[in-house]
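A short write-up of the structure that comes next.
The values are calculated or read from the model by the stated rules, or taken from the named source; none is laboratory data. Computed from a predicted model, the values in this text were never measured in an experiment. Glycine also receives a Cβ, built like all others from the backbone with ideal geometry; neighbour counts cover every protein chain displayed. Heads up: the accessible areas ignore ligands, DNA and RNA and are worked out on the full protein's heavy atoms, side chains in. Shrake-Rupley method; radii C 1.70, N 1.55, O 1.52, S 1.80 Å.
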Amino acid sequence: MSTLKAIRGTRDLLPPETALWNRIEATARSVFARYNFGEIRTPVFEDTALFARGVGEETDIVSKEMYTWEDRARAQSEKTQTLTLRPENTAGVVRAYIEHQLGESGQLQKLYYIGPQFRRERPQKGRYRQFSQIGAEVIGPVSAGSESPLRDAEVLEMLATLLDELGISGWTLQLNSVGSSADRERYNQALREALVPLAPQMCVDCQRRAVTNPLRVLDCKVPADQPIIETLPRIADSLDADSVAHFAAVTAALDAAGVPYTRNHRLVRGLDYYTRTTFEFTHGGLGAQNALLGGGRYDGLSEMIGGPRAPGIGFAMGEDRLVLTLLALEDAAAQVKVDAYIAPLGENMNAAALNLARELRHVGLHIELGDGSFRLKKSFEAADKTARCIVILGEDEVKSGILTVKTFATGIQTKVARAELAAFLSE
Ligand code: HAM
């Protein structure tokens, strides 16, 4: 029988690397709390129409990457539905905002999420079919200030803080504005016209996009198309006075906060809901899939999926890519060792060893428990791999209440009274 394996593009996360995932999530939660964000958890699958309408039919995500299936009715009262594993979480958050009438509070909703997303992409380093995002959204009625450029700047400043606290140095913030939907319409028209004589020389995807959704031409990665794309009109030239002023206010606030950025005129992002500010944080260490995170403003998304006017801005970080970056920057996962390994000398010491382990674990120490059937050499080898110290527990130790502790980093062996052991190991 052939052995079963994890599906292509999915993977198992194992210790010690999972400790790094937990540390990233704990840091994110702590930063989000300081900026007054609360956690939202939405379902992993939704009505396919949510993504078709929210993310956009013409995007790569919706047109070719979604895991979609017909969910057959189980009873006459149910109808057969077309469902999709979420490829991203913003549409789900806005759906929940509408469904629970969160705008009725009159307050800005500041929501974060951590969880798996699914896209049938071609797997490679940093790109998986199941991946995890850590994201956040700020959304609310206009009267709550949801359109203010200050919100954009605050989100970007929070991201700079979060990346710094994670220990990710050397990131670049790429920033652009895609304007209002009217600006985008104007720009689309300008692009469409400019592309008429150029598209026939471009890749087949661009030939199609030039007709259906010219903005997507800017995402093209085909090398031969790049010089042509450079000659196309820039979106900055299609922005109206309000969009220009909004973007200027975002950059002025970033300048005041000392958050560095570069303007990238081609950053239009791969989802259709964006308006005005768009951004990505990239990192050189990641290779081809260099976007640590992406996001932007989506002032019309709520209306696109049948809700009230509710401008918003948010981002999602690729957690898998944060892990890859940290692993490249330091030997981040290797450092997790427990405080002590308890080695019972003989099987008749096992019960006493369990009791000692219990005592130490109760005061918060991280303890690995060996087995009295192991020879001392084997205990030492196992302890050296997993723990900072080894504690030997034989009959003499139990009688005298004095334990032998060896610290691996220094090689020093010490006698420690049992009552002082917890304090000794905590040092
Ligand atoms: P996105 O740019 O599609 O935006 O994804 C955000 C981040 O998720 C990417 O920068 C990348 O780090 C990670 N990511 C995307 N696809 C994969 C993949 N196949 N494997 C590994 N990591 C991946 C969004 O999803 C928007 N919802 C972000 C947003 C929130 N905009 C406003 N609010």
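Miscellaneous remarks
- Filter result for residue 186 (open to solvent by 40 Å² or more (accessible area, probe 1.4 Å), under 18 Å from residue 312 (Cβ atoms) and touching a residue at least 12 places away in the same chain (Cβ under 8 Å)): no
- In the set (1) closer than 27 Å to residue 326 by Cβ; (2) away from the ligand (no atom under 14 Å from the Cβ); (3) modelled with pLDDT of 95 or more, residue 20 fails one condition alone, (3).
- Residue within segment 412-422 that is under 20 Å from residue 351 (Cα atoms) and acidic (Asp, Glu) present: no
- Per-region count, segment 276-289, residues at pLDDT below 95 and more than 9 Å from the ligand (Cβ to nearest atom): 5
- Tabulated pairs, segment 196-207, first within 15 Å of residue 232 (Cβ to Cβ), second open to solvent by 30 Å² or more (accessible area, probe 1.4 Å), C-beta under 6 angstrom, 6+ apart or interchain: 199/207; 203/222
- In segment 97-110, the residues that are without any contact (Cβ under 8 Å) to a residue 12 or more places away in the chain and outside any helix (DSSP H, G or I): 100, 101
- The helices (runs of 4 or more DSSP H) located wholly in segment 158-247 that include 3 or more residues which are in contact with a Ser or Thr (Cβ under 6 Å, 6 or more places away or on another chain) occupy 181-198.
- Residues being of a type outside the set (S, T, N, Q) and surrounded by fewer than 21 Cβ atoms within 10 Å (Cβ to Cβ) - total across segment 281-304: 9
Conditions tested, residue by residue: (1) over 17 Å from residue 278 (Cβ atoms); (2) assigned by TED's automatic domain parsing to the domain that holds residue 112; (3) not aliphatic (A, V, I, L, M).
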residue: 172; (1), (2), (3): no, yes, yes
residue: 175; (1), (2), (3): no, yes, no
residue: 187; (1), (2), (3): no, no, yes
residue: 199; (1), (2), (3): yes, no, no
residue: 205; (1), (2), (3): yes, no, yes
residue: 209; (1), (2), (3): yes, no, yes
residue: 214; (1), (2), (3): no, no, yes
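- Count - residues of segment 33-57 that are in contact with a Leu (Cβ under 8 Å, 6 or more places away or on another chain) and not in a strand (DSSP E or B): 7
- Scope segment 1-38; condition surrounded by 16 or more Cβ atoms within 10 Å (Cβ to Cβ) and touching a strand residue (DSSP E or B) at 6+ places or on another chain (Cβ under 6 Å); matching residues: 28, 32, 37
- Selection within segment 128-152: residues that are near the ligand (Cβ under 9 Å from one of its atoms) and either outside the structural domain of residue 85 (by TED's automatic domain parsing) or of a type in the set (D, E, K, R) (or both). The member of this set that is most open to solvent (accessible area, probe 1.4 Å) is 129.
- Scanning segment 306-327 for residues being surrounded by fewer than 19 Cβ atoms within 10 Å (Cβ to Cβ) and touching a Leu at 6+ places or on another chain (Cβ under 8 Å) gives a total of 1.
- Hits in segment 58-91 - residues which are part of a helix (DSSP H, G or I), among the charged types (D, E, K, R) and touching a helix residue (DSSP H, G or I) at 6+ places or on another chain (Cβ under 9 Å): 60
- Check on residue 94, touching a residue at least 40 places away in the same chain (Cβ under 8 Å), buried (at least 21 other Cβ atoms within 10 Å of the Cβ) and either over 20 Å from residue 294 (Cβ atoms) or among the hydrophobic types (A, V, I, L, M, F, W, C) (or both): yes
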